[in-house]
Amino acid sequence: MHKIYPFLFLGLLSLTTGCLKDKCDATISYVNMEPIYQTASQFRTKDVQAIPAQPLENPGKIYFYKNYVLINELREGIHVYDNANPENPVQVTFIPIAGNVDMAVKDDVLMADSYVDLIAINISDLNNPQLLSRTENVFKLYGQGPDGAYLVYYEPKEIKEFTTCDNAGTGQPWLRENNQLFIDVALFDAAPGNASSTDKALNAAGIGGSMARFTLAGDRLYSVDHSQLYTFDITNPGNPVQTNSLAIGWDIETIFPYDQYLFVGSQSGMHIFSRSDADNPSWVSSYQHMTACDPVFVDGNTAYVTLRDGSTCDNFTNELDVIDISNIYAPYLVATYPMDNPHGLSLADDRLYICEGDGGVKVFDASDRNKIGDRLQAHAKGFNAYDIITLSGSHAMIIGSDGFYQYDISDPKKFRKLSVIPVQTK
């Protein structure tokens, strides 16, 4: 008689879930990723002219040039702030650039992506920027529809609806139907992507964060998308000339220059390329890790790599990997330290700064790479931190989903907030 009880219990569960019907009902929540298309004529006819300052709404990458901070408004353009006084940054202008995500500046020329194009803009007069050139169809990141329009992004829309338990999509993390992507709301990650601790030569070229896909090295601009490494000769930055496009794998995310090498972060590992031939980067070695989002920062014989989870990262690991690169042909893991949700990072004066997403920024003593995890010096909380740029070991600029933050970091054990430019929601 005891053997009957489990079946009776299951039967009761079935009746309860199904509301005393032959089938059960369910409420599902998901994010409908609706494809958004643009034709080349749509984004190429838009003027690249300065307009009055705009509110910061959806910040992406940051870049520092001379005394100016450039903040990307995702796929819309670039905010420019006069940061001569970090305690009171002054918004100067907004430069609309359709499809912009990344940027770099050399000799007063702003180089930026505009969907599939690379554009060069003279910003010597920020009130009157001038488009110098547009190199069309350079980047291969965006697919095209039958009519030739580019699939530029997916717009997320959260939807709740009633369905039956026998619906094929119920309980699945994602579903593709009628050229649309539906993602379980529990998995959706809405977070927004070469930091330098020195400020030398900033009058000629600027610096970006560790989440960057654009980087400058000598008279070359290097850029990555999900699978390609692009090289541009920028001897004349107003007229970049593409010299190479190299297939380097899949899920490529970031690029960082150090010495004669390019360190490329991907979701499967860190790849090292030599730029001894500036126009023909060549693969040297790789360090493989679990599938995860992967920005890289390099200093001396050590590479620091953060791995994090998230829906786009296909990973459940949050950690810092410290990698020895003294033999550039055979990098190896020195130590791994658990983190909360690490994103961008920077190093200044043996202090390692790690953005922890909603957990703010942590500062570690990195003088002994075998003891980093035990040497937390400070933890700035209460804001979202996506990427960071440090200058001269005394000044940190941090971008996150809720705004742009600046701190005095001259005391390694205590951050002193200088200013905040908050995100303004519509």
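Every number in this text was worked out from the coordinates using simple rules, so none of it is lab data. Just so it is clear, the structure is predicted and the values come from calculations on it, not from any experiment. With ideal geometry, Cβ positions are generated from the backbone for all residues, glycine too; neighbour counts draw on all protein chains shown.
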* Structure fact -> Of 280-289, 357-366, ordering from highest average Cβ density within 10 Å down gives 357-366, 280-289
* Asked: In a shell of Cβ-Cβ distance under 10 Å around VAL296, excluding VAL296 itself, what net charge do Lys and Arg (+1) and Asp and Glu (-1) give?
  -> -3
* **Highest-first arrangement of 155-161, 347-353, where packing means the average Cβ count within 10 Å** => 347-353, 155-161
* Structure fact -> Scoring only Lys, Arg, Asp and Glu (+1, +1, -1, -1) among other residues with Cβ under 11 Å from the Cβ of ALA366 yields -1
* To do: Can you check what the net charge comes to around VAL322, using other residues whose Cβ is under 12 Å from the Cβ of VAL322 (Lys, Arg +1; Asp, Glu -1)?
  => -3
* Cα-based Rg / Dmax (Å) for the range 234-366 -> 15.4, 45
* To do: Can you find, among ILE328, GLY344, SER286, the residue farthest towards the positive end of the dipole of the range 283-426? Put +1 on the C-beta of Lys and Arg, -1 on that of Asp and Glu.
  => GLY344
* Structure fact -> With +1 at each Lys and Arg Cβ and -1 at each Asp and Glu Cβ, the charge dipole magnitude of the range 280-426 around its Cα centre, to the nearest 20 debye, comes out at 420
